[in-house]
1. All but one of (1) assigned to a helix (DSSP H, G or I); (2) of a type in the set (A, V, I, L, M, F, W, C); (3) at pLDDT below 95 hold for Val113, so report the exception by its number.
2. Considering only the stretch 62-76, I want to know if a residue exists there that is among the aliphatic types (A, V, I, L, M), surrounded by 13 or more Cβ atoms within 10 Å (Cβ to Cβ) and modelled with pLDDT of 85 or more.
3. Go through the stretch 2-17 and give me each residue that's in a helix (DSSP H, G or I) and free of Cβ contacts under 8 Å to residues at least 24 places away in the same chain.
4. Does Asp88 fit the bill of being under 13 Å from Leu12 (Cα atoms) and exposed (fewer than 15 other Cβ atoms within 10 Å of the Cβ)?
5. Considering each residue of the stretch 18-46, count those that are part of a loop (DSSP other than H, G, I, E, B) and either within 30 Å of Tyr107 (Cβ to Cβ) or at pLDDT 95 or above (or both), and give that number.
6. Please identify the pairs in which a residue from the stretch 115-137 that is crowded, with 16+ Cβ neighbours inside 10 Å has its Cβ atom under 8 Å from the Cβ atom of a residue that is part of a helix (DSSP H, G or I) and among the hydroxyl-bearing types (Ser, Thr, Tyr), counting only partners at least 6 apart or on another chain.
Amino acid sequence: MNKELFKETENLLKNYNRLETEIKLIKAEIEDIKESYTGCGAIGYSEKSGPTNKFSSMVEDEVIRKEKELYNLNKDLDYKVRLKRRIDLAIQTLRTKEERDLIRLRYINQPKVSWGTVARHLKYNKDYCRKELRPKVIKQIADFVFYNPGVQESFII
């Protein structure tokens, strides 16, 4: 496994809690946009405008703008939910409880704990956890998160 993929996988795991928060924020933003409605307002006569052949109203413009925003937010939400689901499944498919605990203790829990604390919890040597167990677990997660076996291609981050 190359170093870039290793670092990318570690960053995904480190930002797992942030990903959950972003999903909640996007859902709230979608609800806010659906509930907000400006509607019609008074015509401003501050500047004289020339005649145009444009045929649209403020209401139509607002609906179009809101639909574009909702489309972009829903697209972003779908991507982040899929990514979170892949990470969750990758963690669940780890072979041993020690591997899952290593990921939860070192990457997901906030604040991040030291390798010494992880080693004491797992009842292993610190160097074994950091140099042998960690690369093995990160590789398993990377294989699961970045590979899409249905279409046999990489998942794009």
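1. Val113 satisfies every listed condition except (1).
2. yes
3. We begin by selecting, within the stretch 2-17, every residue in a helix (DSSP H, G or I); these are 3-14, 16-17.
Residues satisfying the conditions are Lys3, Glu4, Lys7, Asn11.
4. On the way: under 13 Å from Leu12 (Cα atoms): yes; exposed (fewer than 15 other Cβ atoms within 10 Å of the Cβ): yes.
The answer is yes for Asp88.
5. Going through the stretch 18-46, the residues part of a loop (DSSP other than H, G, I, E, B) turn out to be 36-46.
Narrowing the set further to residues that are either within 30 Å of Tyr107 (Cβ to Cβ) or at pLDDT 95 or above (or both) leaves none.
Residues meeting the conditions: 0.
6. Ala119/Tyr128
The values are calculated or read from the model by the stated rules, or taken from the named source; none is laboratory data. What you see is a predicted model, and the numbers here were worked out from it, not measured in a lab. Positions of Cβ are backbone-derived with ideal geometry, glycine not excepted, and every protein chain shown enters the neighbour counts.
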